[in-house]
1. Which GluC sites (Glu not before Pro) in segment B:234-303 pass both tests, a DSSP loop state and at most 16 other beta-carbon atoms within 10 Å?
2. Cross-link candidates for A:Lys142: which aspartates and glutamates have Cα within less than 12 Å, leaving aside residues fewer than 8 places away along the same chain?
3. Calculate, axis by axis, the spread of Cα positions in segment A:3-78 along the three principal axes, and write the results as whole Å, longest axis first.
4. Whole-Hz Karplus ³J(HN,Hα) for segment B:103-115, in order, using 6.51 cos²θ - 1.76 cosθ + 1.60 and θ = phi - 60°, x for Gly and Pro?
5. Could you please put B:Val143, B:Val47 in sequence from largest to smallest accessible area, using a 1.4 Å probe?
6. Pick from B:Gly181, B:Gly265, B:Gly253: which residue has the top mean-square fluctuation in a GNM of chain B where Cα pairs under 10 Å get a spring?
7. If you look at just the Cα atoms of segment A:87-160, how large are its Rg and its Dmax in Å?
8. Would you pull out the residues with amide H under 5 Å of A:Thr23's amide H, same chain only if 5 or more places away, H placed 1.01 Å from N?
Amino acid sequence: MSISLCVIVNGNEHHLDVAPHHTLLDALREELGLTGTKRGCEVGDCGACTVLLNGKAVNSCLVLAAETEGAEVVTIEGVAGREGLHPLQEAFIREGAVQCGFCTPGMILSALALLRENPRPSDAEVRQALSGNLCRCTGYAKIVQAVLDASDASLVPGFGRPEGLRPSR
Amino acid sequence: MKSFVNVNPKSLDEAVAVLDRARAQGKKAALAGGGSDLLGMLKDHLVQPDLVVNLKSISGLEGVHREGERVRIGALTTLDEIARHPLLVERYAALAQAAGLAASPQIRNVGTLGGNVNQRPWCHYFRQGFPCFKNGGKMCYAVAGENQFHALFGGGPAFIVHPSDTAPALVALEAEFKVMGPSGAKIIPAEKYFILPREDVLRENVLGENEILAEVILPAAPSGLRSTYLKIRDRQAWDHAIVSIGAALEWEGGRCRKARLVLGGVAPIPWRVPNAERLLEGKSLGEALARQVAEAALAGAQPLAKNGYKVPLAKATVRRAVLSLLPAA
Ligand SMILES: Cc1cc2nc3c(=O)[nH]c(=O)nc-3n(C[C@@H](O)[C@@H](O)[C@H](O)COP(=O)(O)OP(=O)(O)OC[C@H]3O[C@@H](n4cnc5c(N)ncnc54)[C@H](O)[C@@H]3O)c2cc1C
Ligand code: FES
Ligand code: FES
């Protein structure tokens, strides 16, 4: 038996048929082909599957797709705008915060959730916000630095929200 | 994961009726709050329900509400909301701190208070599907196995520790749980909610198969009340407590009028230590008394082969917690 739902993903409405036991991660990757969201541990440990669900960072591997009717989801594919990469993405590249890249989409979404709520976080606040995301390559220092860099960038006047993203509240 | 039928009840009564009907038909039903614990259990085939009842479809089960001097917290309120709620941060610090120290930011965004207190044990033998007592088997593998994270108190036949961070805080704050069942609502003190394995090895609390935790009620916070939750873990995020304490002290004229000290991570239930509480009552607090309180709190601990390190760790945690609650001069 499948369940029909309507979910807004990266600003676009999608009608999906999902099995009752499928997770939001399954739906994003298998139904919508949005493979930027990574499948890591599948049990909430690694954060590679992090997306924004109604503005909040969540592990999509621990959310049943069937329970997301009407929800707004942002994945890594929705972070860049028409004008180009998001300042967070630019900062990750500039700082060398990406090695194998597997953790990067989740890191960016956790960081995005933080910056929307707290545009000027401290080092400790960045580390706290990323504490549910594991990186096996970088040693975190450059990731934290990238988020701090981007926090300054987002204060530059004229920096717009990427297409399709609404403020979380 | 085995598939199941998804049920979206619109009210608590409807949800209870679904549970009751499932039971009558010999079907298994599981409740889902945020699902952060349940999904892991489903994926590992530790539970294989026929129905998953989505509590998020019921309106009115979330939020922090003031009612006179008391505070009601809906079972579906997320840990993140509890951790940040100004009233809780100010008057019931132990609960706000416990919620903020649980799991990871992502899990606190979906994880609910009801799910937190009702989560199943995180003993690795249980979670990896060993045929242990908690999985319906006939032994506790921790007894002769890797028992670094197991119980110092109240163990047997299973030696799990209760994994919830909010539970010790709620017991310390003398919270009450409102439980809905087929015959309506009943109120259970938090302290009476949790049960030892020797009472029923398959459960961690008194909740029946057709009952739902609807709400947590915090009593009035007297002006001299100060509380805190301290948590020791291997890593600064997503780790359950190795040891923790929910502590609530009521001060009057520089003396402790009433003390509630509840340890986490050391027993299959939030573990109250009345002998240590009594040492504090009627006294003013200093370093020497704090040490005595810590000794008393751990008196009678029965470490297994590999968890003896928890004893000094817990003593230091108790001492630090009570000293942090000294009344404002
Ligand atoms: C990686 C990881 C790290 C974690 N770390 C911690 C930690 O440090 N501290 C901690 O305390 N927890 C931790 N947890 C457990 C985490 O799942 C809980 O903190 C969370 O609060 C559970 O809430 P939920 O709503 O998601 O629960 P769910 O998964 O929805 O439910 C958990 C259980 O409670 C039952 N239940 C849910 N709501 C109700 C209700 N209203 N009435 C009756 N039964 C109900 C469900 O049937 C299920 O058996 C961790 C989990 C993970 C995956
Ligand atoms: S894949 Fe979801 S947390 Fe690891
Ligand atoms: S870059 Fe490889 S896991 Fe983070």
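1. On the way: sites: B:Glu250, B:Glu252, B:Glu277, B:Glu281, B:Glu287, B:Glu295; in loops: B:Glu281.
Answer in residue order: B:Glu281.
2. Those aspartates and glutamates meeting the cut-off are A:Glu95, A:Asp123.
3. Principal extents (Cα only, largest first): 29, 25, 20 Å.
4. Result, rounded to whole Hz: 6, 10, x, 4, 6, 5, 6, 10, x, 9, 5, x, x.
5. Greatest to least solvent exposure: B:Val143, B:Val47.
6. B:Gly253
7. 11.2, 35
8. A:Ala65
The values are calculated or read from the model by the stated rules, or taken from the named source; none is laboratory data. Since the model is a prediction, treat every value here as computed from it, not as a measurement. Please note: Cβ atoms are built from the backbone with ideal geometry, for glycine as well, and neighbour counts cover all protein chains shown. For accessibility, only protein heavy atoms count, side chains too; no ligands or nucleic acids. Shrake-Rupley method; radii C 1.70, N 1.55, O 1.52, S 1.80 Å.
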